[in-house]
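The values are calculated or read from the model by the stated rules, or taken from the named source; none is laboratory data. Keep in mind that what you see is a predicted model, and the values were worked out from it rather than measured. Glycine gets a Cβ as well: all are built from the backbone with ideal geometry, and neighbour counts include every protein chain shown. Remember, those area values only see protein heavy atoms, side chains included, never the ligands or the DNA or RNA. Shrake-Rupley method; radii C 1.70, N 1.55, O 1.52, S 1.80 Å.
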Amino acid sequence: MAKKWVYTFKEGNMTMRNLLGGKGANLAEMTEIGLPVPQGFTITTEACTQYYEDGRKINDEIMAQAMEGVKWMEEVNGKKFGDLKNPLLVSVRSGARASMPGMMDTILNLGLNDDVVAAMIAGNPDPAFERFVYDSYRRFIQMFSDVVMEVGKKYFEQLIDKMKEEKGVQYDVDLTAADLKTLAEQFKAEYKKQLGKDFPSDPVEQLKLAIEAVFRSWDNPRANVYRRDNDIPYSWGTAVNVMPMVFGNLNNESGTGVAFTRDPATGEKKLMGEFLKNAQGEDVVAGVRTPMPIAQMEQEFPEAYAQFIQVCETLENHYHDMQDMEFTVENKKLYMLQCRNGKRTAQAALKIACDLVDEGHKTEQEAVAMIDPRNLDTLLHPQFDAKALKAATPLGKGLGASPGAACGKVVFTADDAEAWDAKGEKVILVRLETSPEDITGMKVAQGILTVRGGMTSHAAVVARGMGTCCVSGCGDIKMDEENKKFELGGKTFVEGDVISIDGSTGNIYGEAIPTVDAQIAGEFGRVMAWADKYRVLKVRTNADTPADAKKARELGAEGIGLCRTEHMFFEPSRIAAFREMICSDTVEEREAALAKIEPMQQADFEALYEALEGCPVTIRFLDPPLHEFVPTEEADIEALAKAQGKSVEAIKNIIAGLHEFNPMMGHRGCRLAVTYPEIAKMQTKAVIKAAINVKKAHPDWNVKPEIMIPLVGEVKELKFVKDIVVKTADAEIAAAGSDLTYEVGTMIEIPRAALTADEIAKEADFFCFGTNDLTQMTFGFSRDDAGKFLSAYYDTKIFENDPFAKLDQTGVGKLMEMSIKLGKPVNPKLHIGICGEHGGDPTSVEFCHKIGLDYVSCSPFRVPIARLAAAQAAISNRD
């Protein structure tokens, strides 16, 4: 039996969305429950895949089945395709299985040509009807040229504007039949001028070209970007829906509208929508004319309105969710053209989920499962005022690396950021790329904008941790750091100029856009309580400061999964002592320099334990290469030379000696502790003394430090460093007469560690996957440079996602699974977590749940996202 590529609306239902796409499945479902749907057919998503496999051609079998569909449609609707007496006109629309609003293309009024137009007018002498026919024809030529043949819209819009100017009218509706007839002729002439051939008049050829155009639009740049942002696989393909036209632009007894059964911005339970008389659907969506609120439709079309209210209720009760609907009224009769679960803001999503539970539509689990965790981000950060944002035009676009909205004056260095902040100015720090010494400036900035770097660059990771808005990797910026200026979108910006950046979309604006503060509503707490009830994974946070830890606790973190101790060294009071350590010649000198830092580190850890109130705290020992700590400015080098009693030359030689060709794979992590055991000793003392003090002050808390050794690739390395830690820790505990217990574990971030996890597990109390480095080393990509070539990988479909933003489950994931399978049998007590940036990415969290991790750890503002994603993973994998 030949494969079935085409289904009529009577053959499908809503369970078939993978095959029929969302739109096709819902049209079939609405048909099944007896709603007024113009009867057409759907060409499946499999046909789209076949189209690409056949070298972007529609094969004869698919086309033959589509023509069978047309024949069925002719019989049901009593009209004929291409017929002069009673022509069937159709719309051709895309519909993927996940909703992609505005991403793909639609063609209306297909089947018109000069002969059909002349015959239709001859059959109905009413001048208003003549105007309608020419209006439909010019729209069809315009859409077909733009969508199918890729002649730009602008040529046609210019012709319309010119015509309106000549006739002295403001709106398209004011043009007469004769004007529209002239426009249709002009459009066809423009088509021929652009493409060198006549506009196709055979309806079957029009249909074939239109179906191809919808399949082709699955791979257009807009759709590719949207898919990457929304985790929609390329392999899904789109379906094509062909249905008879109903005409909202027939006369003043007709119209078209879009409506939501609840307010998509607030979630309030009231019908929201817009309606336009004498118009086609594209007019409402494109905002060509200002529509009237849906309630006004009651005065114009009372019967159709009453029926529509009934349809809304039917659909909500059927789908148990807020519906977004498109409909048309033709001669006062209502037709439903689409329904889908409506897109909504995060605030509305929470309210609707709670209301649906209260109304008996959803269980708690279903309510938890229906909220997109990534949307929660917007609830926790300031946003731009929606009205002002609509009126602004972006100058450029980078990566939305850390969500939120920021507006401020441009500064180019961390020191300037602090200086301007001290004067009470709001600033945006603009850098080629940021480095750890920029941290003080990043803290005071409203937002951070970088020219280089991806989603896991230093700027992105630190900004996410602080909850600061960040746009990274805007390669279009021409940067002149020396003279403190940059160019973007043809404008030059100097220090003190105002810009606005949107960390969710990556858009950059050359003007001030007002922001509104984030509000966490009561529903947030309610949904989160449900999420906590059903999830299995624990959620910790990556935090280096008590302030971050406190914020994360407020957002529901159950411990610290990663405290990066190096961030504590960059404060001016400490960096000097640490630089002395680096430039020391003997162990004694090093120990003396480290002794200055130890009490400061101890105070940091005490403050963290206090903030965590007995929840687990994992402290990672020093990880970055030493060259990151040495001075680069002449004045700082001189100060260090003076403090060390060495010449400037000697210090410069030491700094030069620290230079590495590939520092990410160089002298860092546990390799530092192997070379300089005194660093590990100092850090152990600080961790243990702090824990003893806090335990003494709070005997009821369970204070049990987890010491994490980074970058282990060989069990003997771990054993060497662990022996230093244990010896030092046990001596401190004995000296204090304490009964403190502690754990020593390791990061799994080098592929060799995953491959030899059974050996490493003998020496480790816990594993924590550092997936930023593990991804980098598994792919052999430098995460700071990969952004330069990854876009070519997306364009050629080698990659669909940034592996640093979304965990590569096939490769990196296999190493993680292997570590667990090798490690757990050797050490059944082994607890395992993840602390790379992936810990806050919903699809990665689901993977962590599936492979049996104990916890995920992510930046503070991603904690609610991880809590919700962990609950969804538990709910969807229950069976």
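Using Cα pairs closer than 8 Å and at least 6 residues apart in sequence, work out the relative contact order for region 272-384, in percent.
Numbers: 99 pairs, mean separation 18.4, N = 113.
The normalised contact order for region 272-384 reaches 16 percent.
Below 15 Å, Cα to Cα, which aspartates and glutamates can Lys850 reach? Residues fewer than 8 away in the same chain don't count.
Asp808, Glu817, Asp841, Asp879
Going highest first, how would you order 534-542, 336-344 by mean Cβ packing within 10 Å?
On the way: 534-542: 24.6, 336-344: 21.3.
Descending packing order for the listed peptides: 534-542, 336-344.
Would you please give the residues with an amide H less than 5 Å from that of Asp83, counting only those at least 5 places away or on a separate chain, with H modeled from the backbone geometry?
Leu88
Give me the net charge for the shell around Ser844: Cβ to Cβ below 10 angstrom, other residues only, Lys and Arg +1, Asp and Glu -1.
-3
Going by alpha carbons, how many degrees (0 to 90, nearest 10) lie between the helix axis of 346-358 and the longest principal axis of the chain?
That works out to roughly 80 degrees.
With a ≥ b ≥ c taken as the square roots of the eigenvalues of the C-alpha gyration tensor of region 666-771, please select rounded if a/c is under 1.5 and otherwise prolate if a/b is larger than b/c or oblate if it is not? Mind showing how you got there, number by number?
Values: a/c = 2.38, a/b = 1.75, b/c = 1.36.
Prolate shape, in that a/c is at least 1.5 and a/b is the bigger ratio.
In region 33-81, which trypsin sites (Lys or Arg not before Pro) are in a loop and have at most 12 other Cβ atoms within 10 Å, using DSSP for the loop call?
Details: sites: Arg56, Lys57, Lys71, Lys79, Lys80; in loops: Arg56, Lys57, Lys79.
In loop regions of region 33-81 (DSSP not H, G, I, E or B), the sparsely surrounded trypsin sites (Lys or Arg not before Pro) are Arg56.
Are there chymotrypsin sites (Phe, Trp or Tyr not before Pro) in region 144-210 that DSSP puts in a loop and that have at most 12 other Cβ atoms within 10 Å, and which ones?
Numbers: sites: Phe144, Tyr155, Phe156, Tyr171, Phe187, Tyr191; in loops: Tyr171.
Passing both the DSSP loop test and the Cβ count: Tyr171.
Tell me the angle of helix 177-195 to the major Cα principal axis of the chain, expressed in degrees between 0 and 90 and rounded to the nearest ten.
Helix 177-195 and the main axis of the chain meet at about 50 degrees.
Hey, what did region 45-189 get for relative contact order, percent, Cα under 8 Å, at least 6 apart? Numbers along the way, then the final one.
Working: 132 pairs, mean separation 24.5, N = 145.
So the answer I get is 17 percent.
Please list 3J(HN,Hα) in residue order for region 160-169, calculated via the Karplus relation 6.51 cos²θ - 1.76 cosθ + 1.60 where θ = phi - 60°; whole Hz, with x for glycine and proline.
5, 4, 5, 4, 5, 5, 4, 8, x, 10
Nearest 10 degrees, 0 to 90: what angle lies between the long axis of helix 715-736 and the longest principal axis of the chain (Cα atoms)?
On a 0 to 90 degree scale, this one is about 60.
Please calculate how many Å² of accessible area the chain carries per residue, with a 1.4 Å probe and no DNA, RNA or ligand atoms counted.
Values: 35920 Å² over 879 residues.
On a per-residue basis, the chain sits at 41 Å².
Can you list the aspartates and glutamates whose alpha carbon sits under 13 Å from that of Lys821, skipping same-chain ones fewer than 8 residues off?
Within reach: Asp758, Glu759.
Whole-Hz Karplus ³J(HN,Hα) for region 210-227, in order, using 6.51 cos²θ - 1.76 cosθ + 1.60 and θ = phi - 60°, x for Gly and Pro?
With the stated coefficients, region 210-227 comes to 5, 4, 4, 5, 5, 4, 5, 5, 4, 10, 7, x, 4, 5, 5, 5, 4, 4 Hz.
Using the structure shown, select from Lys3/Lys57; Lys79/Lys188; Lys387/Lys551; Lys269/Lys362 the pairs with a Cα to Cα distance greater than 20 angstrom.
From the list (Lys3/Lys57; Lys79/Lys188; Lys387/Lys551; Lys269/Lys362), the Cα-Cα distance tops 20 Å for Lys79/Lys188; Lys387/Lys551.
Pull up the DSSP beta bridges for the chain and report the antiparallel fraction as a percent, rounded to 5.
Values: 59 of 96 bridges.
Bridges in the chain that DSSP calls antiparallel: roughly 60 percent.
In whole percent, and with a 1.4 Å probe on the protein chains, what portion of the accessible area of the chain is carbon and sulfur? Intermediate results must be reported in sequence, preceding the final value.
On the way: 18170 of 35920 Å².
Looking at the chain in its full context, I get 51 percent from C and S.
Given Cα pairs under 8 Å that are at least 6 residues apart, what percent is the relative contact order of region 308-362? Intermediate values should be presented prior to the final figure.
Working: 46 pairs, mean separation 16.7, N = 55.
Contact order relative to length: 30 percent.
Please give every one of the lysines within straight-line cross-link reach of Lys716, meaning a C-alpha to C-alpha distance under 16 Å, and leave out same-chain neighbours fewer than 8 residues apart.
Qualifying lysines at Cα under 16 Å: Lys762.
Using DSSP to call loops (not H, G, I, E or B), can you name the trypsin sites (Lys or Arg not before Pro) in region 586-658 whose Cβ has at most 16 other Cβ atoms within 10 angstrom?
Details: sites: Arg590, Lys596, Arg620, Lys642, Lys646, Lys652; in loops: Lys646.
Passing sites in region 586-658 are Lys646.
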